[in-house]
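Beneath this line is the structure, given in structure tokens, with notes to follow.
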Amino acid sequence: MTATAVDRSYVLPLAFATTVSMWAVAYFCRLPAVMAPSWLAAGLMLGMVALWGWVTGMRAGSGWLGGVLVGGVAAVLNLLILGSLLVPADGGGVMPSAVWWVPGSILAIALVSGGFAAAARATASDAATSDWTSLLSKVAVAATFLLVVAGGLVTSNEAGLAVVDWPNSFGTNMFLFPLARMTGGIYYEHAHRLFGALVGLTTIALAVRLWRYDGRTWLKRLGMAAVVLVILQGILGGLRVTGGFTLSTSEADMAPSLTLALMHGVLGQLFLGVIVAIAVVTSRLWFEAPLPEPRPYAKDDRTFQRWLIAIMVVQLVLGAAQRHLAALLIVHICLAAVVVLLAVMVGGRAWGLYRDSRPIEYLGKLLIIFTCVQAFLGITALAVTQGRAVVGSPTTLEVTITTLHQATGAALLALSVMLALWTQRLFVQEVAVS
């Protein structure tokens, strides 16, 4: 690997970090319940550009040029949503102002990023040692979790069919659908689609980076498997609306499928688990960890942790069945009790038996905390929805509680995957000496 290649390896990870941060801010600001002023949303987005420009200067140590490169790539990625501002509400083609809006936005974001990178570089004594593959994998986790939350809001708001066609949106290219028409349920569904495109691009970038820079064959294959999963997830999401491959915009030609909606929701959280696993095994802490140490109870803990992950996956399916079909609620509640007991036991063992291992002890504490929060949210969701699928016009309370319940379930699965991986990495079964 040449020095130049090493020097420029930070560009894509930092550019994706910038883009995901900007999109997260924009998504929150445009939520129907928030609807922040445009100037505030734009200011916060530029704030994210400034933040990651500063990180570029501090961590990459390349000054203004590095910031310009990071900002420029981020601006190009942002064209996926900029198109919605360049089309009139009637969808009558791209406005002439796009001629200067597109290059202008790229130049502005690049200059802001470059300026803050230069300022940070001037105050930094030397570039910090950074693992850009690890950063990109963490960005992929953040983007995927945002996508899961956005998907939860789609379901909670009963907005899964707000846009009647796919891959277009009301016959318009999804990246050129006017912002003025993104209201109510249309906003939730269309924004979810855009986030899906961003997660897809992030996953592809991560897989390519693993293939180039990581020597572990199994991890390269896992990265490619993640790409396959995210493509499949996108297709399932589209077919959930149309029921088949069609470019028609007529509702009469569509055959929406609740079964595919359920599969789409569950696969999204499983995909999050895969991305979290990649983030764990590409972290610097993973590489710097000592060789596995023998422990008499390591085998039992591995078994308990694997069972917890398996039961959580089943519970995700049952939760999705309840959200989409109002079915299997009693089974979902009964299995929830099993998950709570097993998660508290697994977390307690990690906390109490591995106090000399900070990653495992810390994850054990988090697992217990999130399990308690999830149990509370589950009971609250049952109370506010009265055990039915949210239909009609859900209240803000129903939407908030059910979405938090789903998101916390995804976080629990991620924590369980992390704990299992770290236990596997740090400890082996102690062999008894006869």
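Side notes on the structure shown:
- Dipole-positive endmost among GLY83, SER38, LEU363 within the chain (Cβ charges, Cα centre): LEU363
- Shape of the range 250-317, Cα gyration tensor, a/c cut at 1.5: oblate
- Rounded to the nearest 10 Å², the accessible area of VAL228 at probe 1.4 Å: 100 Å²
- For the range 72-178, the square roots of the Cα gyration tensor eigenvalues, ordered a ≥ b ≥ c, give a/c of at least 1.5 with a/b no greater than b/c, which places it in the oblate category.
- The chain, dipole about Cα centre (Lys/Arg Cβ +1, Asp/Glu Cβ -1), debye to the nearest 20: 680 debye
- Mean accessible surface per residue for the range 251-391, computed with a 1.4 Å probe while every protein chain stays in place, in Å²: 50 Å²
- Environment charge at THR172 (Cβ cut-off 13 Å; Lys +1, Arg +1, Asp -1, Glu -1): 0
- Dipole axis of the range 223-305 (+1 Lys, Arg; -1 Asp, Glu on Cβ), positive-most option in LEU239, ALA261, PHE304: PHE304
- Only Lys, Arg (+1) and Asp, Glu (-1) charged, at Cβ; the range 150-227 dipole about Cα centre in debye: 520 debye
- Ordering of 109-119, 330-340 by packing is 109-119, 330-340, highest average first (other Cβ atoms within 10 Å, averaged per residue).
- Normalised by the number of residues in the range 217-297, the average gap of Cα pairs under 8 Å and 6 or more apart makes the relative contact order 29 percent.
- The range 214-354, dipole about Cα centre (Lys/Arg Cβ +1, Asp/Glu Cβ -1), debye to the nearest 20: 360 debye
- Relative contact order %, the range 188-262, counting alpha carbon pairs below 8 Å whose residues are six or more apart: 24 percent
- Overall, the accessible surface of the range 313-422 at a probe of 1.4 angstrom is composed of carbon and sulfur to the extent of 75 percent.
- Taking amide H as placed 1.01 Å from N in the peptide plane, the amide H of VAL428 sits under 5 Å from that of GLU293, ARG295, each at least 5 places away or on another chain.
- Between THR395 and GLN429, the FRET efficiency from the beta-carbon distance, with R0 = 56 Å, is close to 0.65.
- Theoretical gain in end-to-end length, ALA255 to VAL384 [0.36 nm per residue, Cα-Cα removed]: 43.4 nm
- Net charge over other residues, Cβ less than 15 angstrom from the Cβ of ALA226 (K, R count +1; D, E count -1): +4
- Look at the alpha carbon pairs under 8 Å that are at least 6 residues apart: their mean separation over the length of the range 242-370 gives a relative contact order of 18 percent.
- Among 342-352, 212-222, sorting by the average number of other beta carbon atoms lying within 10 angstrom of each residue, highest first, gives 342-352, 212-222.
- Accessible surface of the range 30-188, 1.4 Å probe, proportion on carbon and sulfur as whole %: 73 percent
- Cα-based shape type of the chain, given that a ≥ b ≥ c are square roots of the gyration tensor eigenvalues and the cut on a/c is 1.5: oblate
- Accessible surface, per residue, of the range 36-140 when the full set of protein chains is kept, probe 1.4 Å, Å²: 47 Å²
- List ARG295, ARG358, ordered by accessible area with a 1.4 Å probe, largest first: ARG358, ARG295
The values are calculated or read from the model by the stated rules, or taken from the named source; none is laboratory data. Owing to the predicted nature of the structure, the values given are computational and were not obtained by experimental measurement. Please note: Cβ atoms are built from the backbone with ideal geometry, for glycine as well, and neighbour counts cover all protein chains shown. The accessibility values were calculated without ligands, DNA or RNA, using every heavy atom of the protein model including side chains. Shrake-Rupley method; radii C 1.70, N 1.55, O 1.52, S 1.80 Å.
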